Amino acid sequence: MSQAAATSAAPPLPARRRAGKAGDAAFALACHAAGVFVLVLLGAIIALLFAGGWPAFRAFGLAFLTSTDWDPVQEVFGAGVSLYGTAVTAVLALVLAVPVAFGIAFLLTELAPAPLRRPIGMAIELLAAVPSIIYGMWGFFVIVPVMAGTIQPAIIDTIGELPVLGTLFQGPPFGTGLLTAALILAIMVLPFIAAVMRDAFAAVPPVYKESAYGLGATTWEVVRHVVLPYARVSVVGGTMLGLGRALGETMAVTFVVGNANRISPSLFGAGNTIASLIALEFPESGMGSLKLSALLALGFLLFALSFLVLAISRWLLRPRLKG
Amino acid sequence: MSAPLSAALHRRRRRKDAVIRALCLAATLIGLFFLASILLTLLWRGLPALSGTVFTQVTKPPGSGGGLLNPIVGSLIQTGIGTLIGTPLGLLVGTYLAEYARASRLGDAVRFVSDVLLSAPSILVGLFVYQLLVVPFGGFSGLAGAVALAIIIIPVVVRTTEDSLRLLPDTLREAVIALGAPKWKMVTLVCWRAARSGILTGLLLAVARAAGETAPLLFTSLGNLNWSLDLAQPMSSLPVTIYNYAGSAFEDWIALAWTGALLITFGVLGLNILARSLLRK
């Protein structure tokens with residue numbers, strides 16, 4: 001081998017080596033520039049949204065965050081109602097989605113027979129691929145009637161009778177509203193949370209589980225006392241990822257949330273979210289109007305909010321990504 | 001004395017285990033049920049209006065028939081141009097992360113930002129491009145829509161490119177360098193080629209994601225009920241047309257919206273399945 005290397009190792013042509021060096025420099029520069037471009041893109045998004053929202057921030061000050069007014073005629077705008085709707089729908093969506101996602105991840109890693117894991121996992125992942133507009137149509141034409149005809153009346157007759165909790169479930173069962181929006185959001189973020197949990201559960205070293213099984217633990221006990229503690233950081237990270245996605249979901253929510261600018265004590269009441277308000281009001285805002293500026297200010301708030309949540313999620317999932 | 005006690009405890013633990021297993025099965029069935037419900041609803045409500053005219057006629061006022069030709073072509077054009085802009089950029093960023101910035105502060109920052117952008121609300125991409133291209137140039141345009149979709153595509157391509165390049169063994173890279181090849185040849189001729197199925201999977205997933213996006217197009221290409229291929233003018237797209245038609249009060253428009261929804265969903269899911277089967281090989 002050394003002989004072959006010695007005979008064939010003719011000195012490389014200087015011209016070729018120079019071309020290689022130049023190509024290396026150019027390619028490295030292109031890659032670095034592309035990397036920096038991503039940072040510039042983020043900076044530009046923040047800067048342009050903030051610049052667009054600046055007139056509204058200047059006009060209303062900090063009160064913009066808490067004011068519940070949204071009056072295009074008087075030109076008074078506030079983010080209060082949509083912030084409330086965004087938070088309520090997103091958190092409620094997580095309350096509904098996380099247990100189901102946990103069940104799916106548990107089933108896919110511990111319970112399902114091996115040949116079934118792939119197809120079931122793929123079907124759940126396809127839920128994430130369905131476009132958001134489709135969830136909106138399906139929600140509006142399929143889920144809303146079911147909510148209005150069956151689920152909401154049933155809830156009113158049972159939980160609605162309770163003293164304190166009941167106030168959350170009052171009012172006419174129109175089918176639309178915050179609860180329905182949260183339900184659709186839950187279905188949409190379910191596959192993302194389930195995928196993170198599944199990967200985290202699958203990353204638990206088998207030896208740990210085997211030793212618990214060897215002590216006579218049931219499957220649930222193994223998951224509860226071995227898998228969950230081992231994967232808890234990722235479970236929280238996956239939940240935050242779901243939250244980040246739920247905060248900014250637009251089309252599906254716009255269809256089912258009812259689109260009213262008021263804070264209703266009941267979850268059956270109509271409301272809006274930042275994203276649905278932007279989507280709905282944008283066509284009626286002229287270029288350069290204060291209303292458009294208020295929408296851009298809302299966009300800036302939403303970006304800040306989801307960036308924070310997604311950054312936390314990313315930070316929590318970080319060590320697992322490397323492993 | 002202790003034997004019956006431990007037997008009771010054993011029974012209780014078994015019962016709890018069985019209950020939770022059943023709940024997990026129920027959770028999975030719920031997830032699968034929703035997917036089935038969406039797909040069956042689309043077939044049931046979208047198939048009746050699915051005919052040749054959907055693909056041959058442009059959108060028309062309510063009550064006069066018409067098809068979805070201009071939304072379909074508009075979606076293809078905008079997704080196509082968005083892919084052409086977004087793929088090279090995403091590929092270079094992914095390459096930068098995997099080949100140049102494995103342990104650099106800048107690389108960590110880029111990786112972090114790209115991952116956050118991957119999940120960031122798509123409506124904000126629409127607002128951003130509105131501010132960037134629509135306001136300065138004085139109007140909605142198909143090109144602005146394509147740029148918005150490109151921004152959706154970039155982080156997806158970045159993630160899959162970096163992941164598939166990182167799967168390659170370093171001995172492969174060392175072998176190429178030992179032959180005297182410059183690094184850029186190592187990356188383009190060997191690494192990209194070795195990772196091509198993973199990169200292609202990411203590209204297909206990115207296209208599928210972009211094709212179904214509505215919110216970024218609302219403020220950029222706006223939609224157009226007339227036939228137009230002019231990139232400087234508002235351009236129709238399938239998701240935005242579905243949004244407008246589904247929210248209308250006209251039966252025939254709603255029927256067409258379902259047909260459009262059927263087309264886009266099965267197209268997007270088909271791309272997803274294709275991408276995944278590609279990765280398995």
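Values computed for the structure shown
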quantity: Helices (runs of 4 or more DSSP H) contained in region A:188-276 and holding at least 2 residues within 14 Å of chain B (Cβ to nearest Cβ) and within 24 Å of the chain's Cα centre (by Cα); calculated: A:228-248, A:251-256
quantity: Lone unmet requirement of (1) under 19 Å from residue B:84 (Cα atoms); (2) among the small types (Gly, Ala, Ser); (3) under 19 Å from the mean Cα position of the chain (by Cα) for residue B:267; calculated: (1)
quantity: Inter-residue pairs, beta-carbon under 7 Å, first at the interface with chain A (Cβ under 10 Å from one of its Cβ atoms) and in region B:91-109, second in a loop (DSSP other than H, G, I, E, B) and surrounded by 15 or more Cβ atoms within 10 Å (Cβ to Cβ), 6+ apart; calculated: B:107/B:101
quantity: Scan of region A:115-139 for residues that are assigned to a helix (DSSP H, G or I) and facing another protein chain (nearest Cβ under 7 Å), ordered by number; calculated: A:120, A:122, A:123, A:124, A:126, A:127, A:129, A:132, A:133, A:134, A:137, A:138
quantity: In region B:37-63, residue nearest to residue A:124 (Cα to Cα) [restricted to those that are among the hydroxyl-bearing types (Ser, Thr, Tyr) and either buried (at least 18 other Cβ atoms within 10 Å of the Cβ) or without any contact (Cβ under 8 Å) to a residue 12 or more places away in the chain (or both)]; calculated: B:37
quantity: Number of positions in region B:33-89 that are outside any helix (DSSP H, G or I) and of a type in the set (S, T, N, Q); calculated: 4
quantity: Residues located in region B:211-225, provided they are touching a helix residue (DSSP H, G or I) at 6+ places or on another chain (Cβ under 6 Å) and either more than 12 Å from every other protein chain (Cβ to nearest Cβ) or acidic (Asp, Glu) (or both); calculated: B:213, B:221
quantity: Inter-residue pairs, beta-carbon under 6 Å, first at the interface with chain A (Cβ under 10 Å from one of its Cβ atoms) and in region B:255-280, second among the charged types (D, E, K, R), 6+ apart; calculated: B:258/B:45
quantity: Breaking point among (1) surrounded by 16 or more Cβ atoms within 10 Å (Cβ to Cβ); (2) over 23 Å from residue A:248 (Cα atoms); (3) in contact (Cβ under 8 Å) with a residue 12 or more places away in the chain, for residue A:103; calculated: (3)
quantity: Residues within region B:122-172 that are of a type in the set (Val, Ile, Thr), over 24 Å from residue A:43 (Cβ atoms) and without any contact (Cβ under 8 Å) to a residue 40 or more places away in the chain, tallied; calculated: 1
quantity: Count - residues of region B:1-49 that are hydrophobic (A, V, I, L, M, F, W, C), touching an Asp or Glu at 6+ places or on another chain (Cβ under 9 Å) and within 11 Å of another protein chain (Cβ to nearest Cβ); calculated: 1
quantity: Single condition residue A:108 does not satisfy, out of (1) part of a helix (DSSP H, G or I); (2) surrounded by fewer than 18 Cβ atoms within 10 Å (Cβ to Cβ); calculated: (2)
quantity: Scope region B:118-129; condition surrounded by fewer than 24 Cβ atoms within 10 Å (Cβ to Cβ) and facing chain A (nearest Cβ under 7 Å); matching residues; calculated: B:119
quantity: Single condition residue B:224 does not satisfy, out of (1) buried (at least 21 other Cβ atoms within 10 Å of the Cβ); (2) at pLDDT 90 or above; calculated: (2)
quantity: Unmet criterion (only one of (1) farther than 14 Å from residue B:79 by Cα; (2) aliphatic (A, V, I, L, M); (3) in contact (Cβ under 8 Å) with a residue 24 or more places away in the chain) for residue B:246; calculated: (3)
quantity: Given (1) of a type in the set (Gly, Ala, Ser); (2) more than 29 Å from residue B:211 (Cα to Cα); (3) crowded, with 19+ Cβ neighbours inside 10 Å; (4) touching a residue at least 24 places away in the same chain (Cβ under 8 Å), index of the condition residue A:59 fails; calculated: (3)
quantity: Residues (outside any helix (DSSP H, G or I) and either under 19 Å from residue A:126 (Cβ atoms) or within 11 Å of chain A (Cβ to nearest Cβ) (or both)) located in region B:226-254; calculated: B:237, B:247
quantity: Any pair with Cβ under 9 angstrom, 6 or more apart, that starts in region A:32-43 at a residue that is hydrophobic (A, V, I, L, M, F, W, C) and ends at one that is surrounded by fewer than 20 Cβ atoms within 10 Å (Cβ to Cβ) and in a helix (DSSP H, G or I); calculated: A:34/B:88; A:36/B:106; A:38/B:109; A:39/B:106; A:39/B:109
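The values are calculated or read from the model by the stated rules, or taken from the named source; none is laboratory data. Owing to the predicted nature of the structure, the values given are computational and were not obtained by experimental measurement. Positions of Cβ are backbone-derived with ideal geometry, glycine not excepted, and every protein chain shown enters the neighbour counts.
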